[in-house]
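J.: Supplied in structure tokens, the structure appears directly below.
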Amino acid sequence: MSLLDYTIKELEAKLASNEITVEDLVKASYDRIKEVDGDVQAFITLNEEKALEAAKELDASSDKNAKLFGIPCGIKDNIVTKGLRTTCASQFLRNFEDPLYDATAVEKLDAEKAINIGKLNMDEFAMGSTSENSSFATVKNPWNLDYVPGGSSGGSAATVAAGEVLFSLGTDTGGSIRQPASFCGVVGFKPTYGLVSRYGLVAFASSLDQIGPITRTVEDNARVLEVIAGHDKMDATSANLDIPEYTKALTGDVKGLKIAVPKEYIGEGVDPEVKASVMEALKVYESLGATWEEVSLPHSKYAVAAYYLISSSEASANLARFDGVRYGVRSENAENMIDMFKKSRSEGFGEEVKRRIMLGTFALSSGYYDAYYKKAQQVRTLIKNDFEKILEDFDVIMGPTSPTTAYKIGEVIDDPMTMYANDIMTVPVNLAGVPGISVPCGFSSAGMPIGLQIIGKHFDESTVYRAAHAFEQATDHHKKRPALGGAK
């Protein structure tokens, strides 16, 4: 069987009727990995022995009511897993064989009987938007292996697009779930900041990071978020709210939905094919009874600069613990303690991570803090206010997820400024802390996927899902599959 052919709901029905077993599902996942992952390189560490053991236990169980019973999934490698290596795609953590505990999101998946197939490749410490910054291997886009899958959750998006797992967990600090979902033609959701616990997530930028699901359909996505969302006393930034059943919002009805389209998201710098696909999507919404209006997010032009100052500053602080003593591989060439700190960090971290640590350390240093970090936080408030003002009058905001489709491997990696500028559509959402989803809305003439981004009010995931699901049901972009391995 091919996992590409089914949704979580369909597999749930087959498991309930004993048409298939959990072991069948898990074996199908590993068979697909053996078939295609040599090309895609989405996995860093596999969990095969434990996954098959867990599958047999579930097959022997009489209770099959768990929300994700027996469903194979992948976990981004910056989310810690008990008894399973967690590397953050860095040589610094290549020997971190057992973090000794599970992240809260992983615990919640385990409680609902999902099966962890393995740990997914990414940009090192989640710093990057192409997945070329992994110190293990460059992840490839399943739609064309010459292209990047996006990042930093490139492995998380690629593995779902390639049909290796049914869903994955990614993390989103400035677009790292939504942009790879867009590039790989799948559905990626960044929840409201505080909705999903960050406990057990190796921190990049603590005021921006969020864990979220990547799936092939909107319904699957809503099902996974229902499981991983919720208050956690282990995370001081976790919101104490009741979690609705997001799947109940998937009515297909968007009559009267008011959509705002920022002119900044469809103007200069946006690829004409991307813009055309988004405008076509808006016509679909009109046909479904929704209305849209062009608006302005005037401070969005400052978002990339503010984001890189804030995220790099927080990364500088968070990564200070990686010194070869408390965390990380220790340099064997050191002559004294200070030398050991320096060499461990310079040998352990990759170029992009070093670049951001240096930028952040500078921005936080005496005499520069007010001019850079403090000012960036003030700009962040202006950006948040822009979103709140528009969302007083509109239900959702829409635009492209990324100004372009995926680019070729090696095309922008040596030009950090171009790479950073590509985050223009996604970073404002993290700065404002609001939820955002990317859903497939078309393909370029080169056959690469295009994503539509839908942004909602704080903790109004239900409306975002309702809008995304209605569009998905009215189109067939999500039904297309990459020609990879034996699955065409």
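J.: Report, by residue number, each residue of the stretch 114-160 that is among the polar types (S, T, N, Q) and part of a loop (DSSP other than H, G, I, E, B).
T.: Asn121, Ser129, Thr130, Ser131, Asn133, Ser134, Ser135, Thr138, Ser152, Ser153
J.: Taking Phe204 as the residue in question, decide whether it is in contact (Cβ under 8 Å) with a residue 12 or more places away in the chain, in contact with an Asp or Glu (Cβ under 8 Å, 6 or more places away or on another chain), crowded, with 24+ Cβ neighbours inside 10 Å and farther than 22 Å from Thr463 by Cα. Explain how you work it out, then say what you get.
T.: Details: in contact (Cβ under 8 Å) with a residue 12 or more places away in the chain: yes; in contact with an Asp or Glu (Cβ under 8 Å, 6 or more places away or on another chain): yes; crowded, with 24+ Cβ neighbours inside 10 Å: yes; farther than 22 Å from Thr463 by Cα: yes.
Answer is yes for this residue.
J.: Limited to the stretch 4-59, what total is found for residues that are within 24 Å of Phe136 (Cβ to Cβ), surrounded by fewer than 19 Cβ atoms within 10 Å (Cβ to Cβ) and charged (D, E, K, R)?
T.: Residues in the stretch 4-59 being within 24 Å of Phe136 (Cβ to Cβ), surrounded by fewer than 19 Cβ atoms within 10 Å (Cβ to Cβ) and charged (D, E, K, R): 7 in total.
J.: So, one more: Gly328 fails exactly one of the following numbered conditions: (1) under 25 Å from the mean Cα position of the chain (by Cα); (2) at pLDDT 90 or above; (3) of a type in the set (Gly, Ala, Ser). What is the number of that condition?
T.: Only one criterion is unmet by Gly328, namely (2).
J.: State which residue pairs qualify: first residue among the aromatic types (Phe, Trp, Tyr) and inside the stretch 251-266, second residue modelled with pLDDT under 95 in any location, beta carbons under 6 Å apart, and separation of 6 or more residues or different chains.
T.: Tyr265/Met425
J.: Just checking, does the stretch 425-444 include any residue being closer than 17 Å to Ser402 by Cβ, assigned to a helix (DSSP H, G or I) and over 17 Å from the mean Cα position of the chain (by Cα)?
T.: no
J.: If you check Gly256 against the conditions, is it small (Gly, Ala, Ser) and in a loop (DSSP other than H, G, I, E, B)?
T.: Details: small (Gly, Ala, Ser): yes; in a loop (DSSP other than H, G, I, E, B): yes.
When the stated conditions are applied, Gly256 passes them.
J.: Go through (1) basic (Lys, Arg); (2) part of a helix (DSSP H, G or I); (3) surrounded by fewer than 21 Cβ atoms within 10 Å (Cβ to Cβ) for Arg223 and report which single condition fails.
T.: Here Arg223 meets the rest and fails (3).
J.: Okay, moving on. Of all the residues that make up the stretch 458-488, how many are modelled with pLDDT of 95 or more, more than 19 Å from the chain's Cα centre (by Cα) and either closer than 19 Å to Gly175 by Cβ or not in a loop (DSSP other than H, G, I, E, B) (or both)?
T.: The number of residues fulfilling the criteria is 9.
Residues checked against (1) more than 30 Å from Ile450 (Cβ to Cβ); (2) touching a residue at least 12 places away in the same chain (Cβ under 8 Å):
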{"site": "Tyr327", "(1), (2)": "yes, yes"}
{"site": "Glu335", "(1), (2)": "yes, no"}
{"site": "Phe341", "(1), (2)": "yes, yes"}
{"site": "Arg345", "(1), (2)": "yes, yes"}
{"site": "Lys354", "(1), (2)": "yes, no"}
{"site": "Asp370", "(1), (2)": "yes, no"}
{"site": "Leu382", "(1), (2)": "no, yes"}
{"site": "Glu388", "(1), (2)": "no, yes"}
{"site": "Phe394", "(1), (2)": "no, yes"}
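J.: Can you list the helices (runs of 4 or more DSSP H) lying wholly within the stretch 1-113 that have 2 or more residues being under 20 Å from Ala161 (Cα atoms), under 21 Å from the mean Cα position of the chain (by Cα) and modelled with pLDDT of 95 or more? First the steps, then the outcome.
T.: Values: elements: 8-16, 22-40, 48-59, 104-111.
The qualifying helices (runs of 4 or more DSSP H) are 22-40.
J.: Answer yes if at least one residue in the stretch 12-29 is touching a residue at least 24 places away in the same chain (Cβ under 8 Å), of a type outside the set (D, E, K, R), more than 30 Å from Glu347 (Cβ to Cβ) and out of contact with any helix residue (DSSP H, G or I) (no Cβ under 9 Å at 6 or more places or on another chain), and no otherwise. Please lay out each step first, then the result.
T.: Residues of the stretch 12-29 that are touching a residue at least 24 places away in the same chain (Cβ under 8 Å), as a first pass: 12, 15-16, 21-23, 25-29.
Keeping just the survivors that are of a type outside the set (D, E, K, R) gives 15-16, 21-22, 25-26, 28-29.
Subset that is more than 30 Å from Glu347 (Cβ to Cβ): 15-16, 21-22, 25-26, 28-29.
The next check asks that each one be out of contact with any helix residue (DSSP H, G or I) (no Cβ under 9 Å at 6 or more places or on another chain); those that pass are 16.
Checked against the condition, which is being touching a residue at least 24 places away in the same chain (Cβ under 8 Å), of a type outside the set (D, E, K, R), more than 30 Å from Glu347 (Cβ to Cβ) and out of contact with any helix residue (DSSP H, G or I) (no Cβ under 9 Å at 6 or more places or on another chain), the stretch 12-29 yields at least one hit.
J.: May I pose another question? What pairs come up if the first residue lies in the stretch 99-117 and is on the phi < 0 side of the Ramachandran plot, the second is of a type in the set (A, V, I, L, M) and in a helix (DSSP H, G or I), and their beta carbons are under 6 Å apart, counting only those six or more places apart or on different chains?
T.: Ala105/Ile228; Lys108/Val227; Lys108/Ile228; Glu112/Val227; Ile115/Val26; Ile115/Ala51; Ile115/Ala54; Ile117/Ala51
J.: Tell me which residues, restricted to the stretch 442-479, are under 19 Å from Asp146 (Cβ atoms) and out of contact with any helix residue (DSSP H, G or I) (no Cβ under 8 Å at 6 or more places or on another chain).
T.: As a first pass, look at the stretch 442-479 and keep what is under 19 Å from Asp146 (Cβ atoms): 443-450.
The answer is Ala446, Gly447.
The values are calculated or read from the model by the stated rules, or taken from the named source; none is laboratory data. Since the structure is predicted, the reported quantities are computational estimates derived from the model, not experimental observations. Neighbour counts are summed over all protein chains in view; Cβ atoms, including those assigned to glycine, are modelled from backbone coordinates with ideal geometry.
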